[in-house]
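A short write-up of the structure that comes next.
The values are calculated or read from the model by the stated rules, or taken from the named source; none is laboratory data. Keep in mind the model is a prediction, meaning the values are calculated, not measured. Cβ sites come from the backbone with ideal geometry, for glycine too, and all protein chains shown count toward neighbours. Quick note on the areas: whole protein, heavy atoms, side chains included, nothing else; ligands and nucleic acids left out. Shrake-Rupley method; radii C 1.70, N 1.55, O 1.52, S 1.80 Å.
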Protein chains: 2
Amino acid sequence: MKVRVIVTLKNGVLDPQGRAIHHALEGLGFEGVNDVRAGRVIELDVADSTSDAALDEMCAKLLANMVIENYRIEKAA
Amino acid sequence: MKVRVIVTLKNGVLDPQGRAIHHALEGLGFEGVNDVRAGRVIELDVADSTSDAALDEMCAKLLANMVIENYRIEKAA
């Protein structure tokens with residue numbers, strides 16, 4: 001089973017990487033970019049029997065820093 | 001318009017970060033994890049008038065390293 005975990009910074013947490021990308025896009029002449037946030041994606045290939053609870057636990061224990069980050073789990077159709 | 005760009009390493013490119021996550025998950029006792037690939041996600045808030053071609057150009061010029069990475073553009077519904 002293919003699972004995608006998207007880890008993003010919580011709102012209100014400064015995102016210097018996103019700001020640098022935003023600045024660089026403007027420097028390259030792209031217009032109309034209002035906001036950029038950078039995050040991580042982790043693509044897991046897990047056994048079909050893996051429970052949602054186990055996936056949640058992986059995220060909370062290792063993949064995301066719950067103090068400053070949110071995660072979202074998306075399963076491939 | 002909210003646009004999500006997912007940047008992942010091409011198949012065949014070594015992914016030490018993914019391997020480290022895989023190893024750590026096993027060390028934490030999670031079973032059934034077959035493979036882990038790490039990548040980046042960039043969430044853009046762009047003007048509604050932004051064309052697909054402009055988004056592609058942003059990815060090719062700045063967001064992804066086309067030599068070793070693939071990108072996928074996903075628009076929020």
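If you go through region A:3-28 one residue at a time, how many are part of a loop (DSSP other than H, G, I, E, B), open to solvent by less than 50 Å² (accessible area, probe 1.4 Å) and over 25 Å from B:Pro16 (Cα atoms)?
1
Restricting attention to region A:37-77, and to residues there that are more than 13 Å from the chain's Cα centre (by Cα) and part of a strand (DSSP E or B), which single residue is surrounded by the most Cβ atoms within 10 Å (Cβ to Cβ)?
Among those residues, the one meeting the criterion is A:Leu44.
For the structure I just gave you, tell me whether A:Val46 is at the interface with chain B (Cβ under 7 Å from one of its Cβ atoms), hydrophobic (A, V, I, L, M, F, W, C) and more than 27 Å from B:His22 (Cβ to Cβ).
Spelling it out, it is not the case that A:Val46 is at the interface with chain B (Cβ under 7 Å from one of its Cβ atoms), hydrophobic (A, V, I, L, M, F, W, C) and more than 27 Å from B:His22 (Cβ to Cβ).
Being hydrophobic (A, V, I, L, M, F, W, C) and more than 26 Å from A:Leu55 (Cβ to Cβ), is that true of even one residue in region B:27-46?
yes
Of all the residues that make up region A:31-77, how many are small (Gly, Ala, Ser) and more than 22 Å from B:Arg4 (Cα to Cα)?
Number of matching residues: 6.
Going through region A:5-27 one residue at a time, which ones are in contact (Cβ under 8 Å) with a residue 24 or more places away in the chain and either among the polar types (S, T, N, Q) or touching a His at 6+ places or on another chain (Cβ under 8 Å) (or both)?
Result: A:Thr8, single match.
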